[in-house]
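**Student:** Following this message is one structure expressed as structure tokens.
The values are calculated or read from the model by the stated rules, or taken from the named source; none is laboratory data. Since we're looking at a predicted model, the values are computed, not measured. Note that we place each Cβ from the backbone using ideal geometry, even for glycine, and neighbour counts take in every protein chain shown.
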Amino acid sequence: MSVIGDSGRPPPPSRRKVDVKALSIQFGLSLLLVWLAWEAVGNVAENMRARNIPTSFNFLGATAGFDINQSLISYSATSTYGRAFFVGLLNTLAVAAIGIVFATIIGFIVGIARLSQNWLAAKLATIYVEVIRNTPLLLQLFFWYTAVLAPLPGPRQTLSLPGLSWRMPEVGALMAAAVAGSFGFLLFAFVRRQLRRTNLSIPAYAAAAVCTVAALLFATLGPKVVGLGVSSGFFDLYTGAYVFLNNRGLFVPAPVLGDVGFRLLIVIGASLLGAMAFAYWAKAAREERGLIFPVGWISTAIVVLPALVVLWLGSRSLALDYPQLRGFNFNGGVRIYPEAFALVLGLSLYTASFIAEIVRAGILSVSKGQTEAASALGLRRTATLKLVVIPQAMRVVIPPLTNQYLNLTKNSSLAVFIGFPELVQVFVGTVLNQTGAMIQIISITMAVYLVISLATSIAMNMFNKRMALAER
Amino acid sequence: MSDAIRTSTPIFVRESMTADRAPPVSNAGPAAWIRDNLFPTPLSSVITLLALLFLAWALPPLVRWLFIDAIWSAPNGDLCRAPGAGACWAYVWQKLGFFMYGSYPREEVWRVNLVLLSGAALVVWMLWPDARGRGGAALAFFTVYPVLAFGILTGSAPFPTRWLPTSGTGQLLWAFLYVVLIAGAGTLFYTGRLTALAMAMIGFVAWAEIGAWWPTLGLSHVGTNLWGGIFVSLLVATVGIVFSLPIGIVLALGRRSQMPIVRFLSVLLIEFVRGVPLITVLVMANTMLPLFVPQDWSPDRLLRPLIGVALFSAVYMAEVVRGGLQAIPKGQYEGAMAVGLSWWQMMQLIVLPQALVTVIPGIVNSFIALFKDTTLVAIVGIFDFLKAVETARLDPVWAGPSISTSGYVFAAFFYFVFCFGMSRYSLMMERRHAAGRKR
């Protein structure tokens, strides 16, 4: 006797009935794939035997026997293939990191310029974006490498950028100026805040002027007063050229940090921790007691000032390694090869054009009502930007921005066309040619890029969860 | 009395008109425009001045190099190598045939022209808004055209003997693919299943007939190793575009499917291919694809990168289409189910038409990216346009820095025209579709 039998209605169909069609489709698909994979594996094994292709990863330990001219770690022809892999990987990461920094800076400037009231700036930015976005990156790389950098004069007729660098003794004075300037600025900010309460804006500017002059005076005379053996003051910059650009690459002075480097690292690490602790404390103070601190400024000061002091105190052991013309080429300093230079230049400019569009879209996505509401509440223009516009724009900007960073990283593989030794050029190019271990090499390379992508997208998802609008 | 009034009323009564005030500084005209758009604030004025300085520095040399000092005709590179010479358009003109066709035999070039021109005509017809018979043009472009183009370009029977194995299984596979293609296209345009089936049958029979009859045309065989230049770039781009959209739609539907295995496989493929650079996909297609199949099945060297490019653009297309699918309100799905449409009918009649129209900009962006990415096929030895430019500049007769630069500028112009044209077309379509939705 069924429960519903009395009412005379048929029993309702089970809500979760087994979908035979869906099951059979999936079953069939799985069977097909398994069969294909089975066939493919069999074919691969047979083909690899027939062509004598190595099947193990043992080749990674074998001597590479080829040289790589640009390497961040020590490498020679006697190193192993495994080490060559790391050379390529590090070069990829380095180029990507530098490219990302430049692309972001250029992209934000261009994106904001496209929305500028200034007609000329907006038009120039538009032309830049349209031309760069609508031509292939590879063509641009060829252009920078072959048409711009290759025809540069040789080392003897080198181009030099004068006045961009200075003698090391003056760096000490410069550090002093920076320290003094920072203190001056903090003082000025404090004084201005005090004065603003009494609505005395003109004395505030006077105080600013006095502070600035005091900072500059201190910077100029400071080193002499303290007697650290600094030969001259801040304004005695060296006017000779220390940055050279020719067909052998870009030559810039390299800082020789000596034992200061280690101390600097420790101090920066400690002050980063300190800044984080401060930010945490300030947040708690704001939420619990309503105290508002200029967190950005103070954290910057916490990180920068100790580092500057360490640099200043150790400035006697600091030195710059200058590039100098010896015979037919430059010695010393850091040499950025034309391949690397062209790659970073091309990648940054190309990605910047996409970032510019993202930034523009992000700013446009914040509706005008938001700005108007903020000014109706009496927020100043900077406060409106900082508290209302930028946080909302960033929510729109950051996901596609990360995508562009990933694209830049993946696009750095185009270096294989101009001969910069990054992962694909070294590993998929040279090592694959020498060892023939195609399956292992291509899998390792793809795995590297996959790990980078997946790590980024996991981070992105976490970010999105935090930033997502809480809607209905 | 009157005295009292005069003293007690401090009211001021003006007895003469005041002088006219100066008219406001004009709000119209060029002066006002310059003031408002170039010098509205001090910072903006500084930016304007800097921009003008930049233009004064960059523009005159550019114009001189491009036009005034340019060499328009020369027998060899000597004139262009002279100091002070500008762009070498003579070189571009001289090498134009090479840029267009690569090493395709010169006396057979009419075949390439025929294919390119008919393809262009079909594309224009298909994309021209409000043209009559656009569906027919699209059907022809996606089914008849590729087969005939293949036959004309290679000179072999469109029943492929070189691209895929000569063995019976291979031909069967190819025939199966073709039937699926025609049936798919048929269902897209005419929803009746019988019509689609009939079309597939007719297409298959016609194709076999043409294949049997083709050799009597007497076209000489031209191997894909001789193909090159703009023609190959367009070929790779077209194949990528034609295949990426349907595969992308299928993958997007798979990713949003209720079936866990289908969903998992789609996500796996999409995320895997999206996570790696195109170069590695191309190298993989070139070196590993021949390993996956029996030795006598080894695909043609041009076919391998085509597969790689199509797969790569398809997964990006899948993400674009998925965006469109997600933008369709749930009520549309529910409404379609409520009137009793099957899943395919719902997708075909209700969801996809709306979803695809919403993501037209994204689709065109993918096409533009794909078109630019075709330059990468050079890594596996395909002689595309950019590779032709790179090769031509090494010709000792024409070697020289300003000559290479001219080649690059020409290539940039070519790619710019195509990509910019596509983006403008998508903007136009977007506006047309938006017009129908405006309230």
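**Student:** Test residue A:359 against the criterion of being under 20 Å from residue A:102 (Cβ atoms), in contact with a Gly (Cβ under 7 Å, 6 or more places away or on another chain), in contact (Cβ under 8 Å) with a residue 12 or more places away in the chain and more than 14 Å from chain B (Cβ to nearest Cβ), and give yes or no.
**Tutor:** Yes.
**Student:** Does the stretch A:124-139 hold any residues that are in a helix (DSSP H, G or I) and at the interface with chain B (Cβ under 8 Å from one of its Cβ atoms), and which are they?
**Tutor:** A:124, A:130, A:131, A:133, A:137, A:138, A:139
**Student:** Which residues, taken from the stretch A:113-123, are within 11 Å of another protein chain (Cβ to nearest Cβ), assigned to a helix (DSSP H, G or I) and either under 20 Å from residue A:393 (Cα atoms) or touching a Leu at 6+ places or on another chain (Cβ under 8 Å) (or both)?
**Tutor:** A:113, A:119, A:120, A:122
**Student:** Test residue B:417 against the stated conditions and say whether it is among the hydrophobic types (A, V, I, L, M, F, W, C), surrounded by 18 or more Cβ atoms within 10 Å (Cβ to Cβ), within 12 Å of another protein chain (Cβ to nearest Cβ) and in a helix (DSSP H, G or I).
**Tutor:** Judged against the criteria, residue B:417 is not a match.
For every residue, the table says whether it meets (1) assigned to a helix (DSSP H, G or I); (2) surrounded by 13 or more Cβ atoms within 10 Å (Cβ to Cβ); (3) among the hydrophobic types (A, V, I, L, M, F, W, C).
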{"position": "B:58", "(1), (2), (3)": "yes, no, yes"}
{"position": "B:86", "(1), (2), (3)": "no, yes, no"}
{"position": "B:121", "(1), (2), (3)": "yes, no, yes"}
{"position": "B:129", "(1), (2), (3)": "no, no, no"}
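**Student:** Among the residues of the stretch B:378-405, count how many are in contact (Cβ under 8 Å) with a residue 40 or more places away in the chain, over 30 Å from residue B:360 (Cβ atoms) and within 9 Å of chain A (Cβ to nearest Cβ).
**Tutor:** Total satisfying the criteria: 4.
**Student:** Against the condition of a type in the set (Gly, Ala, Ser), assigned to a helix (DSSP H, G or I), farther than 22 Å from residue A:71 by Cβ and modelled with pLDDT of 90 or more, how does residue A:415 come out, does it pass?
**Tutor:** Considered against the rule, which asks whether it is of a type in the set (Gly, Ala, Ser), assigned to a helix (DSSP H, G or I), farther than 22 Å from residue A:71 by Cβ and modelled with pLDDT of 90 or more, residue A:415 comes out as no.
**Student:** When you look at residue B:52, is it in a helix (DSSP H, G or I) and away from every other protein chain (no Cβ under 13 Å), yes or no?
**Tutor:** No.
**Student:** Is it fair to say residue A:392 is within 25 Å of residue A:103 (Cα to Cα), modelled with pLDDT of 90 or more and within 25 Å of the chain's Cα centre (by Cα)?
**Tutor:** No; evaluated as a whole, the condition is false for this residue.
**Student:** If you don't mind, another one. Run residue B:291 past the list (1) part of a helix (DSSP H, G or I); (2) in contact with a Leu (Cβ under 7 Å, 6 or more places away or on another chain); (3) without any contact (Cβ under 8 Å) to a residue 12 or more places away in the chain and report the number of the one that doesn't hold.
**Tutor:** The number of the failed condition is (2).
**Student:** Looking at A:87, A:34, A:44 in this structure, which one is surrounded by 14 or more Cβ atoms within 10 Å (Cβ to Cβ) and within 14 Å of another protein chain (Cβ to nearest Cβ)?
**Tutor:** It is A:44.
**Student:** Taking residue A:387, is it out of contact with any Lys or Arg (no Cβ under 8 Å at 6 or more places or on another chain), among the aliphatic types (A, V, I, L, M), away from chain B (no Cβ under 14 Å) and touching a residue at least 24 places away in the same chain (Cβ under 8 Å)?
**Tutor:** Against the criterion (out of contact with any Lys or Arg (no Cβ under 8 Å at 6 or more places or on another chain), among the aliphatic types (A, V, I, L, M), away from chain B (no Cβ under 14 Å) and touching a residue at least 24 places away in the same chain (Cβ under 8 Å)), residue A:387 does not qualify.
**Student:** Mind checking which residues of the stretch B:256-288 are crowded, with 18+ Cβ neighbours inside 10 Å, touching a residue at least 12 places away in the same chain (Cβ under 8 Å) and not in a helix (DSSP H, G or I)?
**Tutor:** Of everything in the stretch B:256-288, nothing turns out to be crowded, with 18+ Cβ neighbours inside 10 Å, touching a residue at least 12 places away in the same chain (Cβ under 8 Å) and not in a helix (DSSP H, G or I).
**Student:** Further question on the same structure: Residues being buried (at least 20 other Cβ atoms within 10 Å of the Cβ) and either farther than 23 Å from residue B:100 by Cβ or charged (D, E, K, R) (or both): count how many of those fall in the stretch B:213-242.
**Tutor:** 0
**Student:** Looking for whichever is free of Cβ contacts under 8 Å to residues at least 40 places away in the same chain, part of a helix (DSSP H, G or I) and under 30 Å from residue B:387 (Cβ atoms) here; the options are B:92, B:46, B:109. Which one fits? Let's see the steps before the verdict.
**Tutor:** Values: B:92 fails: free of Cβ contacts under 8 Å to residues at least 40 places away in the same chain; B:46 fails: under 30 Å from residue B:387 (Cβ atoms).
Testing whether each residue is free of Cβ contacts under 8 Å to residues at least 40 places away in the same chain, part of a helix (DSSP H, G or I) and under 30 Å from residue B:387 (Cβ atoms) leaves just B:109.
**Student:** Further question on the same structure: Please go through the stretch B:280-289 and pick out each residue that is facing another protein chain (nearest Cβ under 7 Å) and in contact with a Phe, Trp or Tyr (Cβ under 9 Å, 6 or more places away or on another chain).
**Tutor:** The initial filter retains those residues of the stretch B:280-289 that are facing another protein chain (nearest Cβ under 7 Å), namely B:280, B:283-284, B:287-288.
B:280 - this is the single residue of the stretch B:280-289 that is facing another protein chain (nearest Cβ under 7 Å) and in contact with a Phe, Trp or Tyr (Cβ under 9 Å, 6 or more places away or on another chain).
**Student:** Counting only residues that are facing chain A (nearest Cβ under 7 Å) and assigned to a helix (DSSP H, G or I), how many does the stretch B:294-312 have?
**Tutor:** 1
**Student:** Still on this model: Condition check: free of Cβ contacts under 8 Å to residues at least 60 places away in the same chain, surrounded by fewer than 22 Cβ atoms within 10 Å (Cβ to Cβ) and part of a helix (DSSP H, G or I). Does residue B:332 satisfy that?
**Tutor:** yes
**Student:** Read through the list (1) facing chain B (nearest Cβ under 8 Å); (2) surrounded by fewer than 20 Cβ atoms within 10 Å (Cβ to Cβ); (3) among the hydrophobic types (A, V, I, L, M, F, W, C), then give the number of the only condition that residue A:455 fails.
**Tutor:** Condition (1) is where residue A:455 drops out.
**Student:** Being out of contact with any helix residue (DSSP H, G or I) (no Cβ under 8 Å at 6 or more places or on another chain) and among the hydrophobic types (A, V, I, L, M, F, W, C) is the filter here; which residues of the stretch B:218-234 pass it?
**Tutor:** Of all residues in the stretch B:218-234, those out of contact with any helix residue (DSSP H, G or I) (no Cβ under 8 Å at 6 or more places or on another chain) come to B:218, B:225-226.
Result: B:226, single match.
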